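Right, one structure below, let's go through it.
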Amino acid sequence: GRERARPEVAVVPAASADPSAGLAAALADPAAGLSEATRATLRRNLTVIDSALAESRRALAKEPGDGTAAELLRAAARQRLALLRQAARLPRS
């Protein structure tokens, strides 16, 4: 039988190399001016997104050619950045 070519998949680096990490840290700081309730909501939402990122990374580590897992990873990374950008635009107290 003929083997199908597997697409090359660029793996997104772990959170330590995540460009949104600095923004997340800045927004978590009380000096950022966000209320504690807003910061708590942001932390909860980031936890959900970060779990999705980790799950997608694990799936790609097991099956590097999995295009679906790669797209889910990219989507979660975009969602994380969008959440942080939206939080950065919130009014400060």
task: Starting from residues that are open to solvent by 90 Å² or more (accessible area, probe 1.4 Å) and among the acidic types (Asp, Glu), keep the ones in the stretch 1-39 and report whichever is modelled with the highest pLDDT.
output: Glu36
message: Being surrounded by fewer than 13 Cβ atoms within 10 Å (Cβ to Cβ), without any contact (Cβ under 8 Å) to a residue 60 or more places away in the chain and under 10 Å from the mean Cα position of the chain (by Cα) is the requirement here; does Thr47 meet it?
response: yes
message: What are the pairs with Cβ atoms under 7 angstrom where one residue, in the stretch 50-76, is farther than 17 Å from Ala21 by Cα and the other, located anywhere, is basic (Lys, Arg) and surrounded by 17 or more Cβ atoms within 10 Å (Cβ to Cβ)? Sequence gap at least six, or different chains.
response: none
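The values are calculated or read from the model by the stated rules, or taken from the named source; none is laboratory data. Model, not experiment: these values are computed from the prediction. Here the Cβ is made from the backbone with ideal geometry for all residues, glycine too, and neighbour counts use every protein chain on show. Just so you know, the surface numbers come from the protein's heavy atoms only, side chains and all, with ligands and any DNA or RNA stripped out. Shrake-Rupley method; radii C 1.70, N 1.55, O 1.52, S 1.80 Å.
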